[in-house]
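Here's the structure we're looking at; comments come further down.
The values are calculated or read from the model by the stated rules, or taken from the named source; none is laboratory data. Predicted model, so just to flag it, every value in this text is computed and none were measured. Cβ: placed from backbone, ideal geometry, glycine included. Neighbour counts: every protein chain shown. With ligands, DNA and RNA removed, areas are computed over all heavy atoms of the protein, side chains included. Shrake-Rupley method; radii C 1.70, N 1.55, O 1.52, S 1.80 Å.
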Amino acid sequence: MKQGRHRISLSDLPGLMEVYSSLRERFGHRDWWPGDTPFEIIVGAILTQNTAWKNVEKAIANLKREKVLSVAAMRRIPQDHLAELIRSSGYFNQKAIKLKAFISFLDEHYSGSIAKMAKAPLETLRHHLLEVKGIGPETADSILLYALNKPIFVIDAYTKRLLQRHHYFDKEPTYHEAQEFFERNLPANLDLFNDYHAQIVAVGHHYCKPKPRCEGCPLEHLPHRSE
DNA sequence: CTCCCGGTGA
DNA sequence: TCACCTGGAG
């Protein structure tokens with residue numbers, strides 16, 4: 001680890017593309033965010049808020065079994081019934097409201113059509129999505145990238161932690177700071193943005209946890225704090 | 001900052 | 001038992 005009297009500066013650190021290569025070499029290309037339709041991915045993005053994906057899978061399965069995983073069906077189903085189906089994802093009452101809020105948003109702005117929505121420009125879409133109650137920056141960007149194939153870099157808790165622990169930031173960056181950092185230092189490539197976020201989630205899940213487990217981490221060789 | 005809330009794995 | 005989970009609102 002490169003150290004001296006001086007604080008580690010950006011120029012001492014590997015570029016983001018090298019970081020990506022190290023992760024990718026370890027984890028392989030991730031088949032991130034499986035989903036049969038864009039709508040299923042959007043629903044997953046809302047349900048997975050502060051919730052382990054495992055618990056979301058059950059909820060999605062319930063929605064499929066009850067044939068509620070379409071815009072029309074979700075518009076029709078009563079909110080309390082919807083809440084029961086997604087119980088396993090936690091915060092089920094709030095999330096039922098959020099799903100309904102998204103449907104209303106879709107109806108108002110895009111005549112209830114995901115396809116029409118997908119044609120809107122990224123910035124317009126992001127601005128509109130953030131107006132929806134229950135959709136914050138991470139959920140909005142996940143929808144944009146994974147459901148609508150817009151080239152935007154998704155930031156999550158793992159990402160901010162990684163940037164701080166590996167000295168790209170002194171303190172934990174804000175969402176916008178982290179996003180700007182990635183987008184300024186990487187080509188705006190859809191598959192790269194897609195897979196990079198997936199790689200970060202993988203390293204965050206296995207190594208860069210709240211309590212770091214640096215042994216064997218694919219990024220162990222680059223400067224880091226193990227706190 | 002606190003609250004929302006269920007499941008999972010250590 | 002308990003921390004954590006592919007956050008967001010008030």
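Residue A:19 - would you say it is out of contact with any helix residue (DSSP H, G or I) (no Cβ under 6 Å at 6 or more places or on another chain), surrounded by 14 or more Cβ atoms within 10 Å (Cβ to Cβ) and of a type in the set (A, V, I, L, M, F, W, C)?
yes
Please identify the pairs in which a residue from segment A:75-96 that is within 14 Å of residue A:52 (Cα to Cα) has its Cβ atom under 7 Å from the Cβ atom of a residue that is among the β-branched types (Val, Ile, Thr) and in a helix (DSSP H, G or I), counting only partners at least 6 apart or on another chain.
A:89/A:56
Among the residues of segment A:44-74, write down those that are under 27 Å from residue A:155 (Cβ atoms), touching a residue at least 40 places away in the same chain (Cβ under 8 Å) and open to solvent by less than 30 Å² (accessible area, probe 1.4 Å).
A:45, A:46, A:47, A:51
Is at least one residue of segment A:139-149 assigned by TED's automatic domain parsing to the domain that holds residue A:43 and within 16 Å of DNA strand B (Cβ to nearest atom)?
yes
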